[in-house]
Amino acid sequence: FASTAHTQVEWINRLLLQGIALNYLDEDEASKAQDKVFTQEDVQKLVEKRYTDYIVQAKEEKPIGFSDSVETLYLGQRNNIVSFSRMYQSYMGGAHGMYYKEYINMDIRKQAIIGLDDLMSPTNQAKLRDSLWNDYINSRTYEQGEQPYANKEDFRISDSFYFTPNGITFVYPPYELGPFAEGEIELNAYFGQINEWLNSDYRLTEKDGFGLNQSEFF
């Protein structure tokens, strides 16, 4: 199944539907459909096609079972930022299923999804990457000679993130920074450190209370 949050704002509904639809297309189809407007009926047809394909595959391979779901939830709004989460879960007959959560932050002034390049410049993204890597290393306990699960060369800033009162939390899916048993791993970037790195649209000011009590933002 697939679910979307329904609002009274047409462009928000459109972006939410588009995100679900692109998940049901292969890479080439998705790249060509970046600007396409999907209706609820379009998405339903894509979900039904996935279901039909699974039935054919199940009859041929006879696995324990298949499942596939997408669930969208409204999280809240702060100033010009409205946020949603979307949970993807699937099971393809192996030892366990797979899941990951995507956070969708929209700027209501721009009527667009906020990406990493909207948050900060490439130069400041490099600073953020180093900061998140240090958070990752410092949050884990190593035995003598043990190496991190992830390599610094492959480490990236996750494009799935959400805003908190104290900063921005970046979410990594299972297996990227740790074994499946650890689940999703979250790394925090606090406003006290990154506020000056953020582009002006998302930088906190005294109107937000920033600078009046710095300890609140670390």
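What whole-number value in Å² describes the accessible area per residue of the chain for a 1.4 Å probe?
59 Å²
How large is ³J(HN,Hα) for each residue in segment 13-18, as worked out from phi by the Karplus curve 6.51 cos²θ - 1.76 cosθ + 1.60 (θ = phi - 60°), to whole Hz, x for Gly and Pro?
Each residue's phi maps through the Karplus curve to give 4, 5, 5, 5, 5, 4 Hz.
Which part of segment 110-140 falls in the paramagnetic zone of residue 205, meaning amide N under 20 Å from the point 7 Å along Cα-to-beta-carbon?
Taking a point 7 Å out along Cα→Cβ of residue 205, the residues of segment 110-140 whose backbone N falls under 20 Å are 110-111, 118-121.
Can you bin every Cα-Cα distance in the chain into 5 Å intervals starting at zero and give me the percent of pairs per bin, rounded to whole numbers?
Calculated P(r), rounded to whole percents: 1, 6, 12, 15, 16, 16, 14, 10, 6, 3, 1, 0, 0.
Taking a 1.4 Å probe, which of 82, 9 shows the most accessible area, and what order do the others take after it? Intermediate values should be presented prior to the final figure.
Working: 82 5, 9 55 Å².
Final ranking, largest accessible area leading: 9, 82.
With a 1.4 Å probe and all protein chains left in place, how much of the accessible area of segment 135-211 comes from carbon and sulfur atoms, in whole percent?
42 percent
Gap in Å between the Cα centre of segment 75-136 and the Cα centre of segment 26-74?
After rounding, the separation between the Cα centres reads 22 Å.
The values are calculated or read from the model by the stated rules, or taken from the named source; none is laboratory data. Bear in mind that the values here come from a model prediction, so they are computed numbers and not experimental data. Cβ atoms come from the backbone with ideal geometry, glycine included; neighbour counts cover every protein chain shown. Areas reflect the complete protein model, heavy atoms only, side chains present, ligands, DNA and RNA absent. Shrake-Rupley method; radii C 1.70, N 1.55, O 1.52, S 1.80 Å.
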